[in-house]
1. Of the residues Ser271, Ser280, which single one is hydroxyl-bearing (Ser, Thr, Tyr), over 24 Å from Arg161 (Cβ atoms), in contact (Cβ under 8 Å) with a residue 12 or more places away in the chain and in contact with a Lys or Arg (Cβ under 9 Å, 6 or more places away or on another chain)?
2. Quick check on the range 57-102: of everything there that is of a type in the set (Asp, Glu) and in a loop (DSSP other than H, G, I, E, B), which residue is least open to solvent (accessible area, probe 1.4 Å)?
3. Could you tell me which of the residues Ile299, Ile268, Ile290 is closer than 18 Å to Leu189 by Cα and β-branched (Val, Ile, Thr)?
4. Name the pairs whose Cβ atoms lie under 6 Å apart, with the first residue in the range 295-320 and over 12 Å from Ser117 (Cα atoms), the second modelled with pLDDT under 95 and of a type in the set (Gly, Ala, Ser), and 6 or more positions between them or separate chains?
5. Of all residues being among the polar types (S, T, N, Q) and either surrounded by 10 or more Cβ atoms within 10 Å (Cβ to Cβ) or without any contact (Cβ under 8 Å) to a residue 24 or more places away in the chain (or both) in the range 1-13, which is nearest to Ala261 (Cα to Cα)? Just the residue, please.
6. Look at Leu335 and say whether it is surrounded by fewer than 18 Cβ atoms within 10 Å (Cβ to Cβ), of a type outside the set (Lys, Arg) and under 22 Å from Leu263 (Cα atoms).
7. Test of understanding: among Ser280, Ser367, Ser347, Ser271, which residue is assigned to a loop (DSSP other than H, G, I, E, B), touching a helix residue (DSSP H, G or I) at 6+ places or on another chain (Cβ under 7 Å) and at pLDDT 90 or above?
Amino acid sequence: MNWLYFQYIEYLSKHNISHLIGNITFYIIPFCIIAAVLLIVVLFLVLAERKLLGFFTQRKGPNRVGYWGLLQTLADAIKLLCKENITPSRADRFLFNLAPILIFVPVFTALAILPYSAEFTFVNTSTNAILYIILAAFPIVSIFLAGWAGNNKYSLLGAARSISQVLSYELPITFVLLSIIVLASSMNLTGITIAQYSRYGIAGWFFIPCILGLGIMFISILAELNRCPFDLPEAESELICGYNTEYSGMRFAVFYLSEYAMLFANAIFLSILFFGGYLSPFGTYLSYIIWGDSNLASILVYFEQTFWLFLKAGIIIFFIIWIRATLPRLAAFDLLKFSWCWLLPLSIFNLFFVVIIKLLCGGALCS
């Protein structure tokens with residue numbers, strides 16, 4: 001963010017505004033950018049999922065509102081904004097209203113610590129990889145509050161299922177992340193991305209030495225997101241809608257927005273850990289190939305890095321939607337048993353395997 005910061009300070013200086021005000025207000029800009037991009041991404045993801053599910057199940061999907069149904073998600077968003085926010089008479093009003101806020105804030109913060117390019121990293125800390133999985137699991141607090149405060153047994157049962165599910169699948173995620181940290185010798189997401197650089201492009205990405213960890217992480221993230229076949233907390237046939245049964249209007253929309261925002265964030269997180277993040281698959285950037293070492297190339301390369309990151313995340317999201325259209329829902333006992341009996345031992349084995357590879361390579365992988 002250094003380039004954007006200096007441009008902002010220079011702009012304020014031209015209008016005789018103090019640097020102190022610039023230092024205070026600068027951090028509002030990244031969050032405004034994230035908020036604007038997030039709304040567009042969520043609207044697109046909802047439409048894309050509906051269209052893909054229609055394609056996979058040989059149905060038409062949305063096709064009435066706007067050309068090819070492109071305005072359907074916008075119409076749904078307006079409908080949710082206009083609907084009444086109903087609070088059950090016997091609900092705990094404070095916790096009931098607090099839950100949607102608590103689920104959205106950590107998701108929003110998690111998106112802020114992801115490196116979108118070498119320049120566009122809004123919040124960069126030395127341990128932001130660990131910080132990310134903490135923020136990704138934090139919405140479980142909001143889910144528990146939503147299930148408890150609504151005074152509805154179906155909501156409470158959905159919240160209990162979600163808590164047990166996230167806790168059981170968080171351990172395999174942690175062990176796989178440790179294996180990536182061992183490979184990169186860094187707990188910083190930008191450092192993990194740079195550690196995957198290779199002049200051979202894809203050859204340096206961590207999915208090659210950690211292919212088992214990729215499978216474990218992908219399955220565990222599906223469970224953490226409550227996506228098929230692990231969508232037990234929102235099992236419509238059993239629990240109506242799970243922990244958010246009693247919510248309506250804008251408060252329900254916040255839960256819905258957070259779910260798709262977390263889907264987008266986790267897809268980017270997977271791309272960073274295993275597929276080189278914003279790195280080009282060719283080992284060099286097309287901006288430098290086309291424009292050489294010009295000033296234009298030095299600017300365009302940042303946008304190209306963001307393009308590669310979003311493309312990788314989009315492919316991961318495509319597979320997540322494909323799985324939803326393909327696999328049936330697991331039983332609750334089978335879901336927990338699969339994590340504790342299979343994924344957790346495999347994730348520990350994967351960590352030992354990666355440590356051995358690191359030692360055999362003398363502390364360095366293909367470059």
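1. Values: Ser280 fails: in contact with a Lys or Arg (Cβ under 9 Å, 6 or more places away or on another chain).
Unique residue meeting the criteria: Ser271.
2. For the range 57-102, the residue satisfying everything is Asp92.
3. Selected residue: Ile268, the only one of Ile299, Ile268, Ile290 that is closer than 18 Å to Leu189 by Cα and β-branched (Val, Ile, Thr).
4. Sorted first by the residue in the range 295-320, then by its partner, the pairs are Ala297/Ser287.
5. Gln7
6. no
7. Ser280
Matching residues to (1) out of contact with any Leu (no Cβ under 9 Å at 6 or more places or on another chain); (2) open to solvent by less than 10 Å² (accessible area, probe 1.4 Å); (3) over 25 Å from Ile315 (Cα atoms):
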position	(1), (2), (3)
Tyr247	yes, no, yes
Met250	no, no, yes
Ala253	no, no, yes
Tyr256	no, no, no
Leu263	no, yes, no
Phe269	no, yes, no
Pro281	yes, no, no
Thr284	yes, no, no
Gly292	yes, no, yes
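The values are calculated or read from the model by the stated rules, or taken from the named source; none is laboratory data. Not measured: the values here are computed from a predicted model. Every residue, glycine as well, gets a Cβ built from its backbone with ideal geometry; the counts of neighbours run over all protein chains shown. Quick note on the areas: whole protein, heavy atoms, side chains included, nothing else; ligands and nucleic acids left out. Shrake-Rupley method; radii C 1.70, N 1.55, O 1.52, S 1.80 Å.
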